[in-house]
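The values are calculated or read from the model by the stated rules, or taken from the named source; none is laboratory data. Just so you know, these numbers come straight off a predicted model, no measurement behind them. No Cβ is skipped: glycine too gets one built from the backbone with ideal geometry, and neighbour counts run over all protein chains shown.
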Amino acid sequence: MFMKNRSFLSLVVAVVSCAFTVLCAQTSPSTMKAIVVHEFGGPEVLRYEDTPKPAPKENEMLIRVIAAGVNPVDDGLRSGHYSKYFGPKPPFTPGSDIAGVVEKTGVQITKLKVGDAVYAYLDLDRGGGYAEYALANEKEAALKPNSLTFEEAAATPIVALTAWQALIDTAKLSPGQTVLIHGGSGGVGTFAIQIAKARGAKVLATASTPNQDLLKQLGADVAIDYTKQKFEDVAKDVDVVLDCVGKDTLQRSYGVVKKGGFIVTLVASPDPVELEKHGIHGSDLSVAPNSGELAEITKLIEQKKIKVVVSNALPLTEAAKAQEQAATRHTHGKIVLKVSEASK
Ligand SMILES: NC(=O)c1ccc[n+]([C@@H]2O[C@H](COP(=O)([O-])OP(=O)(O)OC[C@H]3O[C@@H](n4cnc5c(N)ncnc54)[C@H](OP(=O)(O)O)[C@@H]3O)[C@@H](O)[C@H]2O)c1
């Protein structure tokens, strides 16, 4: 009898201890896995760890992240390169672009609901998207295009909004005009070519030799290989230049814009002396979240006027490798991080 009791007791102890081990191995519901930057530095400062799961305020929603986009700016935010001007201070979780499913909503969220598949350009001060969960407000998020995978959707918000705000809001590109897009094969450029075509513009775009086919597939009327020919020899008297490259490319661009035309650059400030000399207008740009514009972009995607190019999708644990690739400034389309499964 005593022996029987003892073996029963051992069985109970074994079961309890096994259950405890399994529970401890899982992430507790109040924490999540995320990439955290504790100090500015190289890619090695991106740490994959447990961190508190965020709780939405009244005007926020909690999104279960399925994929996160990686942008060139992520590298400068992590290294501290931009810290004098903008960006979060450590500790922070990087990643401004996400696609996922709304898990919880604050009382002021009225346009989106629990269970909606969404994509968003996040304010990093609230915490970024290289994480299992992220917070967004309704200015930042819109319904995900049905025709996109979560990875494609996560590749979209910042670069699509940048292209939209540069071409439509800033340069006021209109049907029949001609636009020259520098860096046409990158994140911004791939969207810019397609937004300009959807607008009814003629598009000239630059990229290196391996990306010439991509420029054409996206709809560029003229693809220019900047490694083989000077863009000034091909592009003349354009209405608008979108500069995603800067430096010498920007410097040489003033002369190809017709009088009264517009040059918008993402990476510098246009030189007022050059603008005046050529009788043209110019502006820099700082992209801002805008769910209304994201919804317009969704329409173009659903109408098959925009396709999304994802060249690499890496697991969240490989955030460092993803940022290193994005920092080369020679990304073909976009790089994304896979955070979790779409159906869970
Ligand atoms: N101001 C803002 O609000 C804002 C917003 C978004 C992005 N940005 C900035 O804008 C820049 C572009 O962003 P992104 O996401 O499109 O970058 P990206 O994905 O790295 O793309 C850069 C593209 O530029 C091309 N390129 C490099 N050198 C070139 C040259 N000399 N002539 C023509 N093309 C060249 C590359 O193509 P090849 O490989 O074929 O050379 C690459 O496809 C980045 O510096 C980013 O930080 C600014």
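If the condition is being surrounded by 15 or more Cβ atoms within 10 Å (Cβ to Cβ), among the acidic types (Asp, Glu) and closer than 16 Å to Gln177 by Cα, then segment 234-283 contributes only Asp239. So which residues in segment 174-193 are out of contact with any Gly (no Cβ under 6 Å at 6 or more places or on another chain) and in a helix (DSSP H, G or I), if there are any at all? Those that are out of contact with any Gly (no Cβ under 6 Å at 6 or more places or on another chain) and in a helix (DSSP H, G or I): Gly187, Val188, Phe191, Ala192. In segment 235-283, counting only strands (runs of 3 or more DSSP E) that sit wholly within it, the ones holding 2 or more residues that are under 24 Å from the mean Cα position of the chain (by Cα) and at pLDDT 95 or above span 238-243, 257-265.
Quick one: in segment 149-189, which of the residues that are hydroxyl-bearing (Ser, Thr, Tyr) and near the ligand (Cβ under 8 Å from one of its atoms) is surrounded by the most Cβ atoms within 10 Å (Cβ to Cβ)? Steps first, answer last, please.
Applying the first criterion (hydroxyl-bearing (Ser, Thr, Tyr)) to segment 149-189 yields 149, 156, 162, 170, 174, 178, 185.
Subset that is near the ligand (Cβ under 8 Å from one of its atoms): 162, 185.
Values: Thr162: 24, Ser185: 28.
It comes out as Ser185.
Scanning segment 249-268 turns up no residue that is away from the ligand (no atom under 15 Å from the Cβ), closer than 30 Å to Ala68 by Cβ and in contact (Cβ under 8 Å) with a residue 40 or more places away in the chain. All conditions but one from (1) touching a residue at least 24 places away in the same chain (Cβ under 8 Å); (2) surrounded by fewer than 21 Cβ atoms within 10 Å (Cβ to Cβ) apply to Ala319; the one that does not is (2).
Which one is farthest from the ligand (Cβ to nearest atom), of the residues in segment 227-248 that are more than 13 Å from Ala171 (Cβ to Cβ) and of a type in the set (D, E, K, R)? Out of the qualifying residues, it is Asp237.
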